[in-house]
1. When the dipole is taken about the Cα centre of the chain, and only Lys, Arg (+1) and Asp, Glu (-1) are charged at their Cβ, what size is it in debye, to the nearest 20?
2. Where does each of Asp153, Asp289 land when they are ranked from fewest to most other beta-carbon atoms within 10 angstrom?
3. If I build a Gaussian network model for the chain, linking alpha-carbon pairs within less than 10 angstrom, which residue out of Gln181, Gln237, Gln56 has the largest mean-square fluctuation?
4. In terms of modelled amide H atoms, which long-range or inter-chain residues lie less than 5 Å from the amide H of Ala55?
5. Applying the Karplus parametrisation 6.51 cos²θ - 1.76 cosθ + 1.60 with θ = phi - 60° to the phi angles of region 237-243, what ³J(HN,Hα) value in whole Hz is obtained for each residue in order, glycine and proline being reported as x?
6. Toward the positive end of the charge dipole of the chain, about the Cα centre and with charges on Cβ (Lys, Arg +1; Asp, Glu -1), which of Pro205, Leu44, Gly63 goes farthest?
7. Would you calculate, for the chain, the mean residue ellipticity at 222 nm contributed by helices, counting each DSSP H stretch of 4 or more residues as -39,500 (n - 2.57) and dividing by all residues, to the nearest 500?
8. Shape of region 36-297 from its Cα gyration tensor (a ≥ b ≥ c, root eigenvalues): rounded if a/c is under 1.5, otherwise prolate when a/b > b/c, or oblate?
Amino acid sequence: MNKCSRRDFLRNAAWGAGALAVSVPLFPARAAEASYKGSDIVQLGKTGIKVSRLAQGTGFNGGGRASDHTRLGREKLEGLIRHSLDEGIRFLDMADLYGTHPYVRETIKGLKRDRYVLLSKIWVRKENWVTPSGGAVEEVDRFRKELGVDMIDVCLIHCMTDSKWPATYERVRDELSALKQKGVIRAAGVSCHDLGALKVAATHPWVDVIFARINNKGGAQYIMDGSVEEVSAVLKQARQNGKAVVGMKIFGAGKLVEPEEKDASLNYVFKNELVDAITVGMLKTSEVDDTMARMAKLT
């Protein structure tokens, strides 16, 4: 950030005094002070949990406890996560589906607990790689062992695809609530892959945190659950209701690759105040640096 000279300070102060004498603008001062750096520390809704505005995702093309991140190999993935931490990213986005808990364990070993925030997700449908317990206690206990920690900051029900999810996964919700009461997790919520599921999450009293697919293009082509207008309206409602919103698919799951496309999507998502934070599945240290630089340019 450029330092402000004394001359600039005096000029800005004089302008501000003159502006107040003429009118009282509602938003310019806020806009001038806005910062969207990836390393900015922000609060997730009403949870009290403070994270970096940018999260390091670990599940690009994830499935069956593997992802493009795990396919990098242990040395490269651990190096990538360490680089993100060194650059000020304090928010690590994981899931059982991605198989990245053991890699994260090695990178956070020995770090002070306030240096990172851990988020993971429970896969609740039976697959050839997992047989869910039907609740959350067994899964969260395993996650903690895999990560080598006593507490996971945020735990989500992963990939909700219809509006009936609160009833369908009531036991999972109840057990996550009990774990939150015990301090084993600090917040709970859902990752949504359907507009109906997202609408329910935006108003449901149980939800603390929502993972939502959002970019400036919209539609299935850009891996969103509806048009830009539809999804944006729901996210605004969710935030008004005190829900924390973490945006995913900001770059359309790798479809928005040109510099101007990335900038336009970041600009849309942040300037419209649709999210508290975003997660990006950066696969190279250069991608981390690029995303951080683009976010730092937003004002």
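No lab work stands behind these numbers, since they all come straight from the coordinates. The model shown is predicted, which means the values in this text are computed figures rather than measured ones. Glycine gets a Cβ as well: all are built from the backbone with ideal geometry, and neighbour counts include every protein chain shown.
1. Numbers: 45 positive and 37 negative charges, 137 e Å.
The calculation lands at about 660 debye.
2. The most exposed by this proxy come first: Asp289, Asp153.
3. The residue that fluctuates most here is Gln181.
4. Ile278, Thr279, Val280
5. 5, 4, 5, 4, 7, x, 6
6. Leu44
7. -12000 deg cm²/dmol
8. Values: a/c = 1.41, a/b = 1.06, b/c = 1.33.
In terms of gyration-tensor shape, rounded.
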